[in-house]
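Read through the structure below, which is laid out as structure tokens, and then see the notes.
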Amino acid sequence: MSTDNPREKIMALKNNPRSEIWFLTGSQSLYGEETLRQVAMQSQEVVKLLEASKNIPIKIVWKPVVITPEGIRKICLEASSDDNCYGVITWMHTFSPAKMWISGLSVLQKPILHFHTQANKSLPWSSLDMDFMNLNQSAHGDREYGHIAARLSKPRKVVAGHASDLKTSSRIGDWVYACVGWNTANHLKMARFGDNMRFVAVTDGDKTSAQMQFGMSIEPYGINALVDAVRDVSKEEIDLLIAEYMNDFEVAKELTPNGNKHESLRYAASIEAALTNFLEAGGFSAFTTNFEDLGELKQLPGIAVQRLMAKGYGFGGEGDWKTSALTRIVKSMTEGKSGGTSFMEDYTYHFGPGESKVLGAHMLEVCPSITSTKPRCEIHPLGIGGKEDPVRLVFQAQPANGQVISLMDMGNRFRIVSNEVEIVNPDEPLPNLPVACAVWKPKPSFAIASEAWIYAGGSHHTVLSTALGEDTLVDFSKIANVELLSINDETEINRFQKEIQWNDLYFSSQR
């Protein structure tokens with residue numbers, strides 16, 4: 001099979017010369033060649049400090065200092081047209097008159113971070129003279145640049161601090177991860193097997209608007225395309241996957257090679273191989289299925305979906321293309337971080353005794369990246385879909401802090417809703433639950449979180465992530481120019497409702 005899959009692409013991200021953040025330093029010719037040489041040298045030192053940070057996932061590439069309007073426009077056009085460039089960091093080392101930046105910023109089509117810094121961490125108090133002052137002018141040079149960016153209403157992130165500071169590099173890293181997510185969205189291709197689940201509203205939406213806003217392409221296929229792919233899978237491909245299952249999971253006895261349900265496991269493996277072959281051949285990094293449209297498939301895909309998600313693919317059940325896309329995007333924004341990310345659904349509630357909790361699950365398709373235990377490979381009946389009993393991985397999510405996130409089409413715009421949660425162990429064992437699950441306590445409380453989510457029109461399908469930082473999600477929403485409503489410890493219902501109303505006015509004015 002091809003090795004060109006999303007997981008392997010992301011694993012190679014840090015060492016991939018085709019993924020870069022460009023570092024642009026502003027100055028002007030007024031200072032003379034000697035000063036400009038010092039500017040170039042010092043800006044390269046800043047880049048080296050950022051490059052050494054473990055918080056920043058891809059390469060920071062220094063570009064020659066820009067000192068003229070023509071040079072600025074040229075480098076901005078180059079950045080905009082270069083697929084390897086995920087975003088640009090700008091810094092005004094000296095005073096760079098900002099009218100020089102108008103043309104360049106107007107044509108720049110990549111995410112921008114304005115780094116407000118200086119080369120030296122400490123002032124040389126005893127030797128401080130005007131030569132030093134003339135060289136190190138970012139304190140007012142960046143304000144000049146910031147003024148014109150504000151007048152242009154140019155979306156950007158501003159980070160102030162020294163490049164050696166861990167908090168500073170962490171904030172830059174959050175933004176870089178958001179740039180990775182934006183690049184993922186821009187190049188995302190999704191295979192949608194079947195249509196939306198009948199009569200369901202929130203999982204549907206305007207796919208053309210999604211492509212215009214995010215760049216993603218949602219491409220429909222009849223279920224028979226997958227059925228044909230299953231028929232083409234070889235015995236050797238199935239054997240290889242069975243060996244992986246036996247090694248990686250606690251396989252139920254009835255599914256083992258001598259068990260009476262082993263053929264069900266082999267069929268599940270043929271679905272995984274077929275999906276993998278189909279997605280890789282078409283360059284797809286996300287997909288959906290629908291239990292109302294299974295055609296000649298013998299099982300609803302279970303373990304196949306779970307394993308593909310663990311490899312980095314996005315997934316949404318019942319034709320939910322928005323959650324599938326968001327799963328893929330979030331996975332790309334969290335590669336290399338601890339924790340995991342999965343398709344999820346708020347399934348049922350515990351109102352007490354003790355604190356109220358949510359039990360999240362789905363019929364089959366929960367990603368094992370959110371557990372640290374060895375999943376059990378089991379087969380159980382499924383009362384929906386009218387097909388044979390499907391094989392699935394069963395486990396419980398690892399206790400951790402995380403977020404549940406939803407992407408919705410509100411008609412005139414897209415909206416992301418997130419809720420900070422604490423994943424906990426179930427109050428009691430769940431010996432009869434035949435699916436993977438997560439139990440969590442929403443913040444600030446069950447009542448406030450649930451009410452706010454419903455006021456916001458959030459979906460019943462979500463992405464659960466214990467790896468994604470709130471700042472990265474905020475940065476991504478700003479880059480994508482998409483509304484973000486965050487539910488957290490500070491949420492109060494009346495203010496939250498007013499935020500929705502204010503957002504309605506703001507985004508209506510952007511149309």
Given the options T35, T90, T94, T25, name the one that is modelled with pLDDT under 90, under 25 Å from E144 (Cβ atoms) and crowded, with 21+ Cβ neighbours inside 10 Å. T94
Got a sec? Which strands (runs of 3 or more DSSP E) wholly within region 289-378 have at least 2 residues that are in contact (Cβ under 8 Å) with a residue 12 or more places away in the chain and among the aromatic types (F, W, Y)? 341-350
Cβ contacts < 6 Å: first residue assigned by TED's automatic domain parsing to the domain that holds S170 and in contact (Cβ under 8 Å) with a residue 12 or more places away in the chain, restricted to region 53-74; second residue among the polar types (S, T, N, Q) and surrounded by fewer than 20 Cβ atoms within 10 Å (Cβ to Cβ), any location; separation 6+ or different chain. Result? N55/S170; W62/Q44; I67/Q28; I67/S29; P69/S103; R73/S103
On the given criteria, is P442 surrounded by fewer than 19 Cβ atoms within 10 Å (Cβ to Cβ), at pLDDT 95 or above and over 19 Å from the mean Cα position of the chain (by Cα)? no
Please verify whether region 433-442 includes one or more residues that are under 20 Å from S324 (Cα atoms) and part of a strand (DSSP E or B). yes
Before we move on, is F291 among the aromatic types (F, W, Y), over 15 Å from the mean Cα position of the chain (by Cα) and at pLDDT below 95? yes
In region 404-429, the residues that are surrounded by fewer than 15 Cβ atoms within 10 Å (Cβ to Cβ) and among the aliphatic types (A, V, I, L, M): M410
Taking region 140-159 and keeping residues exposed (fewer than 13 other Cβ atoms within 10 Å of the Cβ) and either polar (S, T, N, Q) or in contact (Cβ under 8 Å) with a residue 12 or more places away in the chain (or both) leaves H140, H147, S153, P155
Name the single residue that is farthest from Q299 (Cα to Cα) among those in region 214-245 being touching a Phe, Trp or Tyr at 6+ places or on another chain (Cβ under 6 Å) and assigned to a helix (DSSP H, G or I). A229
Collect the residues in region 475-495 that are under 16 Å from M408 (Cβ atoms) and part of a helix (DSSP H, G or I), keeping them in residue-number order. F476, S477, A480
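The values are calculated or read from the model by the stated rules, or taken from the named source; none is laboratory data. Keep in mind the model is a prediction, meaning the values are calculated, not measured. Using ideal geometry, Cβ is built from the backbone for each residue, glycine included, and neighbour counts are taken over all protein chains shown.
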